[in-house]
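Student: One structure follows; several queries about it will come next.
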Amino acid sequence: MLNGEKSQVSLRLPTSQVSEFDRIAAILERDRTWVMQKALSQYLATEGAEILADAQGLEELDRGDSVDLEDVLEKARTIANAAEYRRGMRVG
């Protein structure tokens, strides 16, 4: 959250999930909101971050901000050939 800004959010969850959040909150001596914020933060840091990165990559492709595969393969061949040459120079 930027500058401590907060937004009110309302959502419906299965009662069993709410009960689990409540049990975890009681064990940790925290409130349900704190536990749910932790869960959402973890989601955003993992799966959510992957989704956002994928979307960004697709946007870059749509704009044409990409590298041609043949250019990448040619650079890889150049690097591999140079490494092979250096190894050959050391051996003999």
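The values are calculated or read from the model by the stated rules, or taken from the named source; none is laboratory data. Only a predicted model underlies this, so the values are computations on that prediction, with no experimental measurement involved. As a convention, Cβ positions derive from the backbone with ideal geometry for all residues, glycine included, and neighbour counts pool all protein chains shown. Heavy atoms of the whole protein, side chains included, go into the accessibility calculation; ligands, DNA and RNA do not. Shrake-Rupley method; radii C 1.70, N 1.55, O 1.52, S 1.80 Å.
Student: Arranged from highest to lowest average of other beta-carbon atoms within 10 Å per residue, in what order do the peptides 37-47, 58-68 appear?
Tutor: On the way: 37-47: 11.5, 58-68: 9.0.
Packing proxy ranking, top to bottom: 37-47, 58-68.
Student: Also, quick follow-up: How much length is gained if the chain between T46 and D68 is pulled fully straight, taking 0.36 nm per residue apart and subtracting their Cα-Cα distance, in nm to one decimal?
Tutor: 5.0 nm
Student: Same structure again: Roughly to the nearest percent, how much of the accessible area of the stretch 3-77 is carbon and sulfur, given a 1.4 Å probe?
Tutor: Answer for the stretch 3-77: carbon and sulfur cover 52 percent of the accessible area.
Student: Assuming 0.36 nm per residue, please report the length gained on full extension of the stretch E60 to E84 beyond their Cα-Cα distance.
Tutor: Computed gain between E60 and E84 is 5.2 nm.
Student: Still on this structure, I have one more. With Cα extents along the principal axes in Å in mind, check [x] 48, 34, 18; [y] 70, 38, 30; [z] 34, 28, 20 and report the label derived from this structure.
Tutor: [y]
Student: Roll a 1.4 Å probe over the protein chains and send me the accessible area per residue for the chain in Å².
Tutor: 94 Å²
Student: So for the chain, taking the charge dipole from beta-carbon charges (+1 Lys/Arg, -1 Asp/Glu), which of M89, L28, G64 sits furthest toward the positive end?
Tutor: Farthest towards the positive pole: L28.
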